[in-house]
Amino acid sequence: MKGITFAEPLFLYLLALIPAMVAFYIFKQQKANASLRIPGLDPFAKAGLSLRYYLRHILFALRTISIALLIIIIARPQATDRFQDISTEGIDIVLALDISGSMLARDFRPDRLEASKNVATEFISGRPYDRIGLVVFSGESFTQCPLTTDHAVLINLMREIQSGMIEDGTAIGNGLATAVNRIKDSEAKSKVIILLTDGVNNRGEIAPVTAAGIAKTYGIRVYTIGVGTQGMAPYPVQTPYGIQYQDMPVEIDEAILKEISGTTGGKYFRATDNDKLVQVYNEIDKLEKSKIDVRQFNRKEEKFFIPALIAFMFLVFEILIRNTLFKSLT
């Protein structure tokens, strides 16, 4: 719904000067029209006044309208778009992303890590009212971004993620524990962790099941995603000639991932290609919908240009005709 409001409404009180100006002008004209009686001019009494004489009042009208418009301009008119009674959906979510070397396998386009980042970015963009955070893990884990509604910052930090940022390995338990630590104190009614990995837990001080138990204690649901095709996949291997890709068996500890999700009331998903990964995030998006308070948004747009243009045109027109058509009357 659009409406006009004023950023400086007190200036509108100056419009009270307009009636005073009109009254003074009328008084001045009555005084100026006083007649002087001279004998012998009776034959001219019926001559009357010219049309130009009456049209001279247009000068005052143009000046008055211009002043009124200038007062409106300094009051700063604004068009306001109001969106009321908007029912939005929001929860607190932490994305826990595996960035181990195996995430560079190319059974996804262009590889598992980039595909996961791209799909996660789309997921973030589709939930503008959620607080979302980001944890990354491989041989150890750390928080890339705490819970935030500034999704532009979050997405930029997501893009900066690269394999090799931290020691290699797959510490699923540590990654989950770090995510739990980031969301456990949230006051949201719904707290969710989405943990994505492509391997088997082989590093870290905290067992994945232990971390899942801690998540359950804090009422946090964990959705786990196993990323990798069935069978063999081209993994990056360091050779004397640089990085080369060799087909190796895909190993994902699905039993542990299912136990984590089952313990916390979440769900396990297996993504075997880019399209399936998109479907997984879409399903999680549908599962996690939580009504929050109705919001009201106001978007303001300055609307002084048109009044300023009209006032300028009236002033120019007044000056023009005052010095041409009505020059002899001024």
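Data for the structure
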| item | result |
| --- | --- |
| Checking E301 against (1) at pLDDT below 90; (2) part of a strand (DSSP E or B); (3) within 30 Å of S116 (Cβ to Cβ), the condition it does not meet | (3) |
| Members of the range 170-185 that are buried (at least 19 other Cβ atoms within 10 Å of the Cβ) and not hydrophobic (A, V, I, L, M, F, W, C) | T170, G173, N174, G175, T178, R182 |
| Of the criteria (1) in a helix (DSSP H, G or I); (2) surrounded by 14 or more Cβ atoms within 10 Å (Cβ to Cβ); (3) at pLDDT below 95, which one K286 fails | (2) |
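The values are calculated or read from the model by the stated rules, or taken from the named source; none is laboratory data. Being a predicted model, the structure only gives us computed values, none of them experimental. Reconstructed Cβ throughout: ideal geometry from the backbone, glycine too, with neighbour counts over all protein chains shown.
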